[in-house]
1. From I59, I30, I14, grab the single residue that is within 30 Å of S102 (Cβ to Cβ), modelled with pLDDT of 80 or more and either among the hydrophobic types (A, V, I, L, M, F, W, C) or not in a strand (DSSP E or B) (or both).
2. Residues Y71, Y77: which one is within 30 Å of L104 (Cα to Cα), under 44 Å from the mean Cα position of the chain (by Cα) and modelled with pLDDT under 80?
3. Within segment 66-83, which residues are buried (at least 16 other Cβ atoms within 10 Å of the Cβ) and not in a strand (DSSP E or B)?
4. What do you reckon, is T63 exposed (fewer than 14 other Cβ atoms within 10 Å of the Cβ), within 22 Å of V156 (Cα to Cα) and β-branched (V, I, T)?
5. Kindly provide the set of residues from segment 84-110 that are surrounded by fewer than 16 Cβ atoms within 10 Å (Cβ to Cβ) and of a type in the set (A, V, I, L, M, F, W, C), ordered by number.
Amino acid sequence: MAETSGGSKKLLWIMITLVVLSSAGAAAAIYMVLDQRGSTEGGEVERTVERTPPVFTRIEPFTVNLADDRYGSRLLYTGITLLVGDAQSKAIIEEHMPQVRSRLLILLSGKQASELTSSEGKEELARSIINQLSVPLTENQPPLDLREVLFTEFIVQ
């Protein structure tokens, strides 16, 4: 009576094999979930970038006579703030503010009111200001990191 048939031994081995395979599959699934969770948390840490505050340089508002157009003599009153990339560029601009203002006055006095009243005209003026101020103000000056021209006041009359 203690004899077992060959079929039941086979069934026992099949059951043991299935349990081992199921355990291995569950372990692999747990490992993948934990590994994916760990890489996501690590990715978030990598994506955290040190925030640097913007560096602005304010140019005092000024008034300039615009080039004559069909309406006669016109005026522009504008305040400008420059967004620069670093403190060195800000320091250079502030040290040479009379030259910066002079360049801006010369540039603006050549414009007509009709060129400046549209948003496209203002964008073109901003590009022109960056180009004008990108020319070195002094000998052996490092390049300025000018990023954006912001018009804080803008009245054409």
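The values are calculated or read from the model by the stated rules, or taken from the named source; none is laboratory data. In this text the structure is predicted, and so the values were computed from the model without any measurement. Don't worry about glycine lacking a Cβ; one is built from the backbone with ideal geometry, like all the others, and counts go over all protein chains shown.
1. Details: I30 fails: within 30 Å of S102 (Cβ to Cβ); I14 fails: within 30 Å of S102 (Cβ to Cβ).
Among I59, I30, I14, only I59 is within 30 Å of S102 (Cβ to Cβ), modelled with pLDDT of 80 or more and either among the hydrophobic types (A, V, I, L, M, F, W, C) or not in a strand (DSSP E or B) (or both).
2. On the way: Y77 fails: modelled with pLDDT under 80.
Result: Y71 is the single residue among Y71, Y77 that is within 30 Å of L104 (Cα to Cα), under 44 Å from the mean Cα position of the chain (by Cα) and modelled with pLDDT under 80.
3. Passing the criteria: L66, R74.
4. Details: exposed (fewer than 14 other Cβ atoms within 10 Å of the Cβ): yes; within 22 Å of V156 (Cα to Cα): yes; β-branched (V, I, T): yes.
Here the answer is yes, as T63 does meet what is asked.
5. Filtering segment 84-110 down to residues surrounded by fewer than 16 Cβ atoms within 10 Å (Cβ to Cβ) leaves 85-88, 91, 94-95, 97-99, 101-102, 105-106, 109-110.
Answer for segment 84-110, where residues must be surrounded by fewer than 16 Cβ atoms within 10 Å (Cβ to Cβ) and of a type in the set (A, V, I, L, M, F, W, C): A87, A91, M97, L105, I106.
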